[in-house]
Amino acid sequence: MAYEWTNHYAKLFCDFLIAADAESGIPNVQALPRTHQMQTGKLTRPNLLVTCEAKDSNHRSIFAGDVLVTLRIAVKKDGDQPEEAAVQMEAIQRWLSNDEKWAAFIGTLPLERRTGWSITHKRIELNLESDEDEEKHTRDITQRIQIRAIAKR
């Protein structure tokens, strides 16, 4: 069975978001829980969900995909989102864009989690995606990150 790279990258980016320091502006994990696609269970909103979708790659050792970081919030009955949602999403985007913090985080991982792969391209999309459920008064705001990595397949 091939290694499941989508799960690997979802967990990697989730762990990076968990590692966000107080200076990042991202609320702590008690105020804003972070989960990834392999974790199950229902969380109250707000929360962050990190998933990864594979794309077609024309080379065996190249993984191409999108990491999706979704801020899942409850909206007010009039459809307005809480003011802190925009502030939180901006902080999340800044954290994900910080190459120095990313490199420092990767350096803290145990050797077995750092080997067998290398991200060669990481591009944070400029536009956020938004999905609203008016009946449930919820909104999902998604930051898409395109990645390409050298990885055994």
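The values are calculated or read from the model by the stated rules, or taken from the named source; none is laboratory data. Since the model is a prediction, treat every value here as computed from it, not as a measurement. Positions of Cβ are generated from backbone atoms using ideal geometry, with glycine treated the same way; all protein chains shown enter the neighbour counts. Just so you know, the surface numbers come from the protein's heavy atoms only, side chains and all, with ligands and any DNA or RNA stripped out. Shrake-Rupley method; radii C 1.70, N 1.55, O 1.52, S 1.80 Å.
Go through the range 23-44 and give me each residue that's charged (D, E, K, R) and surrounded by fewer than 17 Cβ atoms within 10 Å (Cβ to Cβ). Once the filter is applied, which keeps residues that are charged (D, E, K, R) and surrounded by fewer than 17 Cβ atoms within 10 Å (Cβ to Cβ), the range 23-44 yields Glu23, Lys42. Here Ile141 passes the criteria (1) among the aliphatic types (A, V, I, L, M); (2) surrounded by fewer than 16 Cβ atoms within 10 Å (Cβ to Cβ); (3) touching a strand residue (DSSP E or B) at 6+ places or on another chain (Cβ under 6 Å); (4) under 18 Å from Ile26 (Cα atoms) except the one numbered (2). Scanning the range 108-121 for residues that are part of a loop (DSSP other than H, G, I, E, B) and either among the aromatic types (Phe, Trp, Tyr) or open to solvent by less than 70 Å² (accessible area, probe 1.4 Å) (or both) yields Leu109, Pro110, Gly116.
Table: residues versus (1) touching a residue at least 60 places away in the same chain (Cβ under 8 Å); (2) surrounded by 14 or more Cβ atoms within 10 Å (Cβ to Cβ); (3) closer than 24 Å to Ala31 by Cα.
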site	(1), (2), (3)
Lys55	no, no, no
Leu68	yes, yes, yes
Leu71	yes, yes, yes
Gln88	yes, yes, yes
Arg94	yes, yes, yes
Ile106	no, yes, no
Arg123	no, no, no
Leu126	no, no, no
Ile147	yes, yes, no
